[in-house]
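Visitor: What follows is a structure written as structure tokens; I'll ask about it next.
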Amino acid sequence: MKILIATVKPFAPVAVEQIREIFDRAGYETEVLEKYASQDDLMSKVKDVDGLIVRSDKIDQQVLEAAGQLKIVVRAGAGYDNIDLEAATAKEVVVMNTPGQNSNAVAELAMGMMVYMARNLFNGKPGTELKGKTLGIHAYGHVGREVARIARGFGMDTFAYDPFVSKTDIINDGTKPVDSVEELYENSRYVSLHIPANEKTVRSINFDLMHRMPRGATLVNTARKEIIHEEDLLRMFREREDFRYVSDIAPSCAETLAAEVPGRFFFTPKKMGAQTAEANINAGVAAARQIVKFFEKGDTTFQVNK
Ligand code: 3PG
């Protein structure tokens, strides 16, 4: 059995070591392809592999076609919008993710970003505190829950909107569930986004939602750049001088924002929410174990293309 770890953005070396150990014990061969420059590099490496571990790496129809022996792809992480599920299903390739494994890392980044914006990008001028401020958590999955936990430690007043999570679970966490997404934005000085990118959510964070936020609004995006309606984001910045936006990866309109509204936004140079040794170990090791369980026991827990 041959498994390829293909990561444009590499795991911490300690995570790769632990993944390798799991495959060694199972008697599998491990190959590592990191920081590859093109899809062609990836396509030439997948030809003879049975399993694949990736991060945000693009696994499209072409890659799947090139991987004649492939049986399973595990996205070491939460969002699988980078994988063509239909094409995988058509080729009978099982696709899995590793839900929850990197969520604390992403939640810590979201909180760090809130502090950074509240303190005026650490420019030395007086800022504000998070204590006593309202925080709306848009989607209460693994990351949203971690954000709520840490935010309560900061003394924030936490609200959540998630039609797929029971209100009782949210209340038991000490967070207030709201009935509509509009209500969430109206209540929240900070909104932290934790929705996936799919056909329903792409460009769904629009002016109608953003402009409902109260004065001193900060929108925090550690989810996906694609969920933001960028024309509306520009309009929001232009119409609301108090509005700030912080995101783990820059929007396409970053240059316009730099020219028009400097000091009111911050973007990471590379998606780094899950870029911690701990998150890499958790997600990488989970991915490796899921692959071994799949081959040895036919276990398809965490399959997302059923
Ligand atoms: C995820 O969906 O798990 C996160 O966005 C992390 O993505 P990454 O592995 O590309 O850093």
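Visitor: Heavy-atom accessible area of Val261 with all protein chains present, probe 1.4 Å, nearest 10 Å²?
Guide: Probe radius 1.4 Å; accessible area of Val261 about 10 Å².
Visitor: Turning to a different aspect of this structure: Taking a cut-off of 24 Å between Cα atoms, list the lysines near Lys91, but don't count ones fewer than 8 places away on the same chain.
Guide: Those lysines meeting the cut-off are Lys2, Lys45, Lys47, Lys58, Lys71, Lys293, Lys297, Lys306.
Visitor: Here's another thing I want to ask about it. Percentage of Cα-Cα pair distances in the chain greater than 37 Å, rounded to whole percent?
Guide: Numbers: 9539 of 46665 pairs.
In whole percent, the share of Cα-Cα pairs in the chain beyond 37 Å is 20.
Visitor: Can you tell me which lysines have their Cα less than 18 Å from the Cα of Lys200? Leave out same-chain residues fewer than eight positions away.
Guide: Partners found: Lys225.
Visitor: On to the next question. Could you please state, rounded to a whole Å, how far the C-alpha centre of segment 1-76 is from the C-alpha centre of segment 173-233?
Guide: 34
Visitor: Now for a different question. Please compute one quarter of the surface area of the Cα convex hull for segment 16-174 and express it in square nanometres.
Guide: Dividing the Cα hull surface by four gives the mean projection, 13.0 nm².
Visitor: In whole Å, what are the Cα extents of segment 72-121 along the three principal axes, biggest one first?
Guide: 50, 17, 8
Visitor: Hey, another quick one. For segment 218-306, how big is Rg over Rh, using alpha carbon atoms and the Kirkwood form of Rh?
Guide: My calculation of the ratio gives 1.20.
Visitor: Treating the angle as unsigned and between 0 and 90°, give the value, to the nearest 10°, between the Cα long axis of helix 103-118 and the longest Cα principal axis of the chain.
Guide: Between the helix axis and the principal axis of the chain, the angle is about 30 degrees.
Visitor: Mind checking which of Gly77, Met113, Ile59 is farthest towards the positive end of segment 29-128's charge dipole, using Cβ charges of +1 (Lys, Arg) and -1 (Asp, Glu) about the Cα centre?
Guide: Met113
Visitor: Then there is this: Leaving ligands, DNA and RNA out of it, report the carbon-plus-sulfur percent of the accessible area of the chain at a 1.4 Å probe.
Guide: 50
Visitor: With every protein chain kept in place and ligands, DNA and RNA left out, what is the accessible area per residue of the chain? Probe 1.4 Å, answer in Å².
Guide: It amounts to 46 Å² per residue over the chain.
Visitor: Would you calculate, for the chain, the mean residue ellipticity at 222 nm contributed by helices, counting each DSSP H stretch of 4 or more residues as -39,500 (n - 2.57) and dividing by all residues, to the nearest 500?
Guide: Result for the chain: -11000 deg cm²/dmol, rounded to the nearest 500.
Visitor: Sticking with this structure for a sec: Using alpha carbon coordinates only, what is the Rg to Rh ratio of segment 103-267, with Rh defined as the Kirkwood radius?
Guide: Expressed as Rg/Rh, it is 0.94.
Visitor: Counting only other residues whose beta carbon sits under 12 Å from that of Arg264, what net charge do I get with K and R as +1, D and E as -1?
Guide: Neighbourhood net charge equals 0.
Visitor: Follow-up question, since we're still on this one. Net charge near Ser247, counting Lys/Arg +1 and Asp/Glu -1 over other residues with Cβ under 13 Å of its Cβ?
Guide: +3
The values are calculated or read from the model by the stated rules, or taken from the named source; none is laboratory data. No experiment lies behind these values; they were computed from the predicted model shown. Positions of Cβ are backbone-derived with ideal geometry, glycine not excepted, and every protein chain shown enters the neighbour counts. Only protein heavy atoms, including side chains, enter the accessible area calculation; ligands, DNA and RNA are left aside. Shrake-Rupley method; radii C 1.70, N 1.55, O 1.52, S 1.80 Å.
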